[in-house]
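One structure below.
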Amino acid sequence: MAIKESAMVDGRPDGRPEAVMASYTIGIPRTSPNAMTGKTAIRSKAARDDTADETPGQRGRLTDLAYEQIEEAIITLRLAPGSSLSELQLSEMTGIGRTPIREAIQRLAREHLVVVLPQRGLLVPPIDVAKQLRLLETRREVERLICRSAARRANAEERAHFKRLATEFAQAGKSGDDVSFVRADREFNELCLATCRNEFAEGAMRLMHGLSRRFWYLHYKEAADLPQMAKLHANVAAAIAKGDIDGAGKALDALLDNIEDFTRATVLGDRR
């Protein structure tokens, strides 16, 4: 039986992004699958469990699509912290078969964006501020290496991509479009990981990206300046595009200084 409840984080009512107070049924907000990302559902309900005829490549792409849609729903709080989920609900929400959904869940669990509860389903974990501050300590060192390496190793096509993303960040900042910013940030993160050519740094950073973006999205309307955040991201992307290794490191430090100040101002009142 569907249980309707109101998702609320930290007992705070209005003033959060709309999704925090979204009405949902067993943790699934009342939005259509297409409303999550603007993507058309790619499988009919009758075909969701039929993966026998898929090639490994097709199944891998479906897994990527499932991951992208669910990850964005978690980051933008359409799936609120503390929500209970199931594989079937996620399959119905995305229109993607349960095998790719299961594989996407495994990836999300590695990134601490879902918790698998044996015999009980899935949970979107609550926000943990102490964990967020520990994450930032680690993120600075790893992401500095990644950005400097990307500036050194990116090829011409990748540099053009970074230049385009710098423009997209600037546009999102001017328009105040937080979802466009989140999507550009995810694309930027993936491009940095690809161009740094370091699988060990990539593996470490993947554990931090999603949690960082979710925390920012939850609190940015209280303590963050979207145009300023977008500008700082654009500066990093532009430095990498130019091949400016030292500039990329300095721009990244400025970005993370802003994020750390924002994190402390949001919850801890600048206690160190």
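The values are calculated or read from the model by the stated rules, or taken from the named source; none is laboratory data. All values derive from a computational prediction rather than experimental measurement. All Cβ positions, even for glycine, are placed from backbone atoms using ideal geometry, and neighbour counts span all protein chains on display. Ligands, DNA and RNA are excluded from the accessible area calculation, which covers all protein heavy atoms including side chains. Shrake-Rupley method; radii C 1.70, N 1.55, O 1.52, S 1.80 Å.
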_I'd like to check something: does the stretch 188-205 contain any residue that is under 27 Å from ILE127 (Cβ atoms), surrounded by 19 or more Cβ atoms within 10 Å (Cβ to Cβ) and at pLDDT below 95?_
no
*With the condition kept exactly as written, say whether any residue in the stretch 113-122 is closer than 16 Å to GLY210 by Cα and crowded, with 18+ Cβ neighbours inside 10 Å.*
yes
*Among what's in the stretch 80-95 and is small (Gly, Ala, Ser) and not in a loop (DSSP other than H, G, I, E, B), pick the residue that is least open to solvent (accessible area, probe 1.4 Å).*
SER91
*When only residues in the stretch 126-148 that are open to solvent by less than 40 Å² (accessible area, probe 1.4 Å) and farther than 30 Å from THR195 by Cβ count, which is modelled with the highest pLDDT?*
ILE127
